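Below: the structure, in structure tokens.
The values are calculated or read from the model by the stated rules, or taken from the named source; none is laboratory data. All values derive from a computational prediction rather than experimental measurement. Cβ: placed from backbone, ideal geometry, glycine included. Neighbour counts: every protein chain shown. SASA here: full protein model, heavy atoms, side chains in, ligands and nucleic acids out. Shrake-Rupley method; radii C 1.70, N 1.55, O 1.52, S 1.80 Å.
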Amino acid sequence: MKTIFHNKRISGLLSVVPQNVVKFEDEVNNYTFPPKQTLRLQKVMGFKQHRIVKESTATSDLCIAGLQYILDNNWLKKEEIGGIVVACTYSDHFIPPVSSIVHGHFCLDEDVFCVDMSQGCVGFLMALNEGFMLLDHITDKKVIVFAADVLSKLVSKKDRNSYPLIGDAAGIAVLETCETENDIYSIVYNNGMMRNALKVPAGGSRLAPSRETAELKDFENDGNLRSLNNLTMQGADVFTFVQTKVPPMIEEILNYAQIDKSEIEKFLFHQPNQFMLRKLAEKIGIPYEKVPMNIVEEFGNSSGACIPVCAAYNVADLLKGKNKKYCLSAFGSGLTWAAMVLDMGGLDFCEMLISDC
Amino acid sequence: MNILVGIRPESDFKNSQDFISDGLLDSFDLVALVSELESTYGILIDALDILPENFCNAEAIAKVVVKNGGNIE
């Protein structure tokens, strides 16, 4: 899909991260590899620390903590909410949806439109697309977009390829219609033929969770222990997919928006790991300093929440200042890859909440 | 070969025809190897050249370095 949204804007951004910081060196003994070999990854991959929720925390808790903070600061009134869009991989339950849990927690009006999307790393951009479309029908109210996940509960703690990279977080954006002309360019692509490259094999209707699916095994003979209930990733395939598909999409969206890459203030990308982002910047032909790539080492890859976390951590002051052009892009399960070029500035708020979730 | 030994001192690269299938290098080692080759030869290796088959033996590695502008003389 390739489209333009007219007269809409993001008016506020909040990221919510748990206060619990876990250091990489404290986890090296969780893996089957010799600790010395694992510690080498600190330098190679930039592994440093990640933020992990409490055992009792679910995805909606991060969303609720964030929305409560927004309401407490009077950046938004409950009556202004016309829609809630939640993108996540690991919801609290199959039913009710996270959006209904948030709706119920805040006792919102019955005419508030609530919808969940099962999305991974592209969750924030997919939810933005959904939210902007929704605004065409809820012109007098605001749409609240959530991209949240607790991947620490989905990835095996004995999977050295994935666990050190992941983190838990939520990103929240307030969307509204605006009087001033503000075109938002959006592209979303999918290739379902590569759907198995990122997968949680069991837990759904295809393969119900059981004692057998919970058993940890070395499926790939690579020393990483996972169960069928855990996330699996064909890393090499995903890397090649990203490097092949994302650069032409960025070129396409810049052409679509009729701007040069030098006019983009920052490229706020999903944060899989620093190496992949560095190679992506080289392939696109943009300087590293235009692509913040420090989220994995400080917070972990929180799937769909990465872009809001990246924005709040790296460019909060810029986003509260003068309007500038930004390019957002994400890529992940589906496989799906998406980009958006938009003006952002003068946000009512752009902050990071450290939560006790 | 020194770069490889620096990354995986415990691996016997001299007696392997395929570093990947013999389990001497994993995906993280490839990342380390690419970074080391880039700084040693002052090059940037194209992302689409970062495939296991381009790093499976010394000859393949030399080829990918040369392809990306490195001088291995």
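Worth a mention:
- Selection from B:S16, A:T336, A:A65, by position along the positive dipole direction of the protein assembly as shown (Cβ): B:S16
- Computed FRET value (nearest 0.05) for A:N191 with A:I4, which takes r as the C-beta separation and R₀ as 25 Å: 0.60
- Counting only Cβ charges, +1 for Lys and Arg and -1 for Asp and Glu, the dipole size of the stretch A:114-180 around its Cα centre is about 520 debye.
- Taking the three principal axes of the alpha carbon atoms in the stretch A:72-214, the coordinate ranges are 54, 34, 28 Å, sorted in descending order.
- Charge sum, other residues only, whose C-beta stays under 14 Å from A:A148's C-beta, Lys/Arg counted +1 and Asp/Glu -1: -3
- The stretch B:41-73 and the stretch A:1-24 have Cα centres separated by 38 Å.
- Maximal additional length on extending the A:C178-A:D260 stretch stands at 27.0 nm, based on 0.36 nm per residue less the C-alpha distance.
- Estimated buried accessible area (total), pair A and B, 1.4 Å, Å² to nearest 100: 1500 Å²
- Percent of Cα-Cα distances greater than 18 Å, calculated over chain B: 29 percent
- Using a cut-off of 22 Å between Cα atoms, the listed pairs A:K8/A:K77; A:K23/A:K320; A:K77/A:K320; A:K158/A:K245; A:K217/B:K14 include A:K23/A:K320; A:K158/A:K245; A:K217/B:K14 as exceeding that distance.
- Cα point-scatterer Debye curve for the protein assembly as shown, base-10 log of I(q)/I(0) at q = 0.09 Å⁻¹: -0.57
- Directionally averaged shadow of the stretch A:2-151, computed from the convex hull of its alpha-carbon atoms, nm²: 11.6 nm²
- Per-residue average of Cβ from other chains inside 10 Å of B:25-34: 5
- Taking the C-alpha atoms only, the angle from helix A:274-284 to the longest principal axis of chain A is near 50 degrees.
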